[in-house]
1. Can you compute log10 of I(q)/I(0) for the range 72-178 with the Debye formula, treating each Cα as one identical point scatterer, at q = 0.17 Å⁻¹?
2. So how exposed is residue 82, as accessible area in Å² (1.4 Å probe, rounded to 10)?
3. Compute and list, largest first, the equivalent-ellipsoid semi-axes of the chain from the alpha carbon gyration tensor, each √(5λ) rounded to a whole angstrom.
4. Quick one: grab Rg to one decimal and Dmax as a whole number for the range 39-99, Cα atoms only, in Å.
5. Go ahead and estimate [θ] at 222 nm for the chain from helices alone: -39,500 (n - 2.57) per DSSP H run with n ≥ 4, summed, over the residue count, rounded to 500.
6. Give the Cα extents of the range 159-224 along the principal axes, in whole Å, largest first.
7. Using the heavy atoms of the protein chains alone and a 1.4 angstrom probe, what is the accessible area of the range 1-150 per residue in square angstrom?
8. Which three semi-axes in whole Å describe the equivalent ellipsoid of the range 115-159, each the square root of 5 times a Cα gyration tensor eigenvalue, listed largest first?
Amino acid sequence: MSFTKTTEQSSKYEHLEKMSVQELLSNINQEDKTVPFAVEKALPEIASLIDVVVQNMKLGGRLFYIGAGTSGRLGVVDASECPPTFGVPFDLVNGIIAGGDKAIRRAVENAEDNANQAWTDLQEHNISKNDIVIGIAASGTTPYVIGGLKACNENNIITGSISCNAGSPLSQTAKFPIDVVVGPEFVTGSSRMKAGTAQKLVLNMISTATMIQLGKVKGNKMVDMQLSNSKLVDRGVKMIMGEIPVSYEDASKLLTNYGSVRKAVDYYNNKL
């Protein structure tokens with residue numbers, strides 16, 4: 001299959017430095033509008049990957065994202081938001097970035113070029129055949145990510161990928177590839193822009209749909225969310241009031257006593 005790295009092609013906009021702020025914003029916005037349509041075309045592939053993630057998680061498996069640079073940071077963000085949002089253990093969804101945690105804030109030179117390091121990083125988490133590893137790379141050519149997926153394939157670990165170039169080496173390596181082709185960036189090669197937005201949208205879909213399938217949402221509410229600040233506590237109290245006929249004060253007591261909206265509502269309903 002031929003491979004064209006569209007994320008590196010020249011922007012269709014010229015002389016950006018001569019544009020006014022309003023012109024810059026308008027043109028960036030026009031490009032951003034195309035991203036959801038690119039994601040839409042990949043929905044069948046996204047669904048196939050989610051199905052296998054849910055299946056393996058029901059068997060005790062975990063989800064790992066591996067990536068470098070912007071792609072790695074996006075994986076770390078999505079993984080880190082799962083415990084507070086859905087009340088799951090911190091090691092159920094994991095984000096691993098080339099260069100280690102220090103690379104979240106500062107680029108680590110040549111970290112993404114080591115094709116063997118991702119497998120070493122995964123082994124530190126005692127990776128097993130029940131786990132799923134999703135490689136994230138806008139270009140689809142990052143050695144760190146491709147090498148990690150190749151090692152997973154050799155060890156019978158299910159692999160998926162998120163890339164923004166059709167038919168990339170990464171997509172050809174993953175068992176469940178997702179290609180979201182967003183085309184050239186507004187600033188040539190700056191894949192933190194449309195490609196990064198596309199990756200974030202797909203990650204939102206993967207984690208959210210997976211957690212819903214695992215029963216971590218009731219109705220449309222985050223009934224297992226962690227009550228880590230006053231805003232979330234207030235939200236939890238109001239969620240309880242929406243489920244059972246109690247006052248704000250009583251709902252607050254239930255939430256304090258039982259620690260989650262789900263447990264508070266279940267206790268109330270079971271005592272009836």
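The values are calculated or read from the model by the stated rules, or taken from the named source; none is laboratory data. Model, not experiment: these values are computed from the prediction. No Cβ is skipped: glycine too gets one built from the backbone with ideal geometry, and neighbour counts run over all protein chains shown. With ligands, DNA and RNA removed, areas are computed over all heavy atoms of the protein, side chains included. Shrake-Rupley method; radii C 1.70, N 1.55, O 1.52, S 1.80 Å.
1. One equal scatterer on each Cα of the range 72-178 leads to -0.78.
2. 0
3. Details: eigenvalues 270, 118, 53 Å².
For the chain, the ellipsoid semi-axes come out as 37, 24, 16 Å.
4. For the range 39-99, the Cα-based Rg and Dmax read 12.5, 33 Å.
5. Details: 11 runs with 132 residues, N = 272.
Here the helix-only value at 222 nm equals -15000 deg cm²/dmol.
6. Principal extents (Cα only, largest first): 43, 28, 12 Å.
7. Numbers: 7950 Å² over 150 residues.
With all protein chains present, the range 1-150 gives 53 Å² per residue.
8. On the way: eigenvalues 57, 24, 14 Å².
Working through the eigenvalues yields semi-axes of 17, 11, 8 Å.
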